[in-house]
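Since the structure comes first, as structure tokens, the remarks are kept for the end.
The values are calculated or read from the model by the stated rules, or taken from the named source; none is laboratory data. All values reported here derive from a predicted model rather than from experimental measurement. Every residue, glycine among them, receives a Cβ derived from its backbone with ideal geometry; neighbour counts consider all protein chains shown.
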Amino acid sequence: MEQTGAWVLKLGRALGWLAAWAWTIIAGIGGLGLIITLGPLPLTNGWFALFSAISACPLTAWLLKKYAGVKLSGWARFVIAVLFIAIGRLVLMLAIHNHANASAHPCLLRQSGSD
């Protein structure tokens, strides 16, 4: 019975490692592609996808452990990656909403010579 638990644990770790690398590649390449095609500014989803990919990457976890002495669990990296995406979407939604409200503001619509 104990061997079954160890096997399931190893399988779970292997699937987590594979999912982390898959997310790193997919979100990293996608985010970098958005930054290249849309430009670095203003902020786009590309930046948040790229940071999400970096935070989920097993190599980042290894480098943090080796050089900074910080050990992050797989769940912690997963939560950080999801937060980057969620907060990025929220920030961009608020920025688009504020930009739309500012451009429709009556003071901004007046022409300089129409007073």
Review point. Here are some conditions: (1) more than 23 Å from residue 13 (Cα to Cα); (2) at pLDDT 90 or above; (3) not hydrophobic (A, V, I, L, M, F, W, C). Residue 28 meets all but one. Which one does it not meet?
Key: (1)
Practice item. Using the structure shown, decide if residue 66 is among the charged types (D, E, K, R) and outside any helix (DSSP H, G or I). Key: no
Practice item. Say whether the condition of being of a type in the set (Val, Ile, Thr), at pLDDT 90 or above and under 30 Å from residue 18 (Cα atoms) is met by at least one residue in the stretch 88-103. Key: no
Review point. Mind checking whether some residue in the stretch 75-82 is at pLDDT below 90 and either of a type outside the set (A, V, I, L, M, F, W, C) or not in a helix (DSSP H, G or I) (or both)?
Key: no
**Study point:** Looking only at the stretch 30-56, and only at residues there that are out of contact with any Leu (no Cβ under 9 Å at 6 or more places or on another chain) and surrounded by 12 or more Cβ atoms within 10 Å (Cβ to Cβ), the one that is nearest to residue 96 (Cα to Cα)
**Key:** 38
